[in-house]
Amino acid sequence: MKKPYRIVMLGRQGAGKGTQCSKLAATLGIVHISTGDMLRAALKTGSSYGLLAADYMERGELVPDMIILGIVHERLEANDCKVYGFVLDGFPRTLAQAQALDKFLEPEGIKLVINLDVPKEVVLERLSSRRVCTGCGRTYSILKAPMVDWSCDDCGEAVIQRNDDKPEAIARRLFLYDEVTSPLIEWFDQSGKLATVKGDEDFEVVAREITRVVDMVVT
Ligand code: AMP
């Protein structure tokens, strides 16, 4: 793959996209763009689009394309993305977003789309047991709790269950993934950019397979 890398990571919520994208970004020296993290950060600082998005996020609904496209376009225009490249996590999630992404990146477009494939039953279990640090975002689970009283081992802030990891919101998010986002797998496959990686293995095994797929596109 000729640099800069331009990679999309698709996959159900709870498939491990966030942790795998962080690792991949560190390995390749590229930018990790998570639209979910950007929205949560915007909400924390009280920015206008964070506040606009908050209600959708709490209910597990998709934030309207108009808001998301503005944020992503601005981020992709930044110098680091242009120079080093990026991996997109949680975007695109709708056909309109995928088409807009093509336009943003004309003429070369995206180089590789990785479909991190994890069965629904597995992500359901992971999402329901997930707990997240309100300070640094570190992820825990009810099976792997922080050492002391639900305070983060790294920063000491409270570790909680995200509102959108509560049962009703999880059901809605997974439904929207099947209905609205998963058709993008076929869409990207038709343009010959898709590689599927089995995501329900050990973290390191999955990370190695992702790197192998990226390397294959390089050569
Ligand atoms: P995530 O952490 O990626 O699961 O995102 C958390 C929430 O942010 C989602 O449930 C949506 O409400 C919103 N969100 C993140 N990315 C997008 C996107 N590309 N399109 C619409 N909504 C998004």
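Worth pointing out:
- The one condition in (1) at pLDDT below 95; (2) in contact with a His (Cβ under 7 Å, 6 or more places away or on another chain) that ALA25 fails to fulfil: (1)
- Strands (runs of 3 or more DSSP E) within region 121-219 that include 2 or more residues more than 29 Å from ILE110 (Cα to Cα): 130-133, 139-141
- Test: CYS152 is away from the ligand (no atom under 16 Å from the Cβ) and surrounded by 16 or more Cβ atoms within 10 Å (Cβ to Cβ): yes
- Residues within region 78-135 that are exposed (fewer than 15 other Cβ atoms within 10 Å of the Cβ), in contact with a helix residue (DSSP H, G or I) (Cβ under 9 Å, 6 or more places away or on another chain), modelled with pLDDT of 95 or more and over 24 Å from VAL180 (Cα atoms), tallied: 0
- Listed by first and then second residue, the pairs linking a residue in region 173-186 that is farther than 8 Å from ARG93 by Cα to a residue that is among the acidic types (Asp, Glu), with Cβ atoms under 8 Å apart and 6 or more places separating them unless they lie on different chains, are ARG173/ASP164; LEU176/GLU61.
- Selection count where residues are near the ligand (Cβ under 8 Å from one of its atoms) and under 22 Å from GLY109 (Cβ atoms), scope region 62-83: 3
- Looking across region 175-195, just one residue is modelled with pLDDT under 95 and surrounded by 16 or more Cβ atoms within 10 Å (Cβ to Cβ), and that is LYS193.
- Every pair of residues 6+ apart whose Cβ atoms lie under 9 Å, when the first sits in region 50-71 and is of a type in the set (Phe, Trp, Tyr) while the second is modelled with pLDDT of 95 or more and not in a helix (DSSP H, G or I): TYR56/LEU62; TYR56/VAL63; TYR56/PRO64
- ARG59 being modelled with pLDDT of 95 or more, within 14 Å of the ligand (Cβ to nearest atom) and among the basic types (Lys, Arg): no
The values are calculated or read from the model by the stated rules, or taken from the named source; none is laboratory data. All of these numbers come straight from a predicted model, not from anything done at the bench. Please note: Cβ atoms are built from the backbone with ideal geometry, for glycine as well, and neighbour counts cover all protein chains shown.
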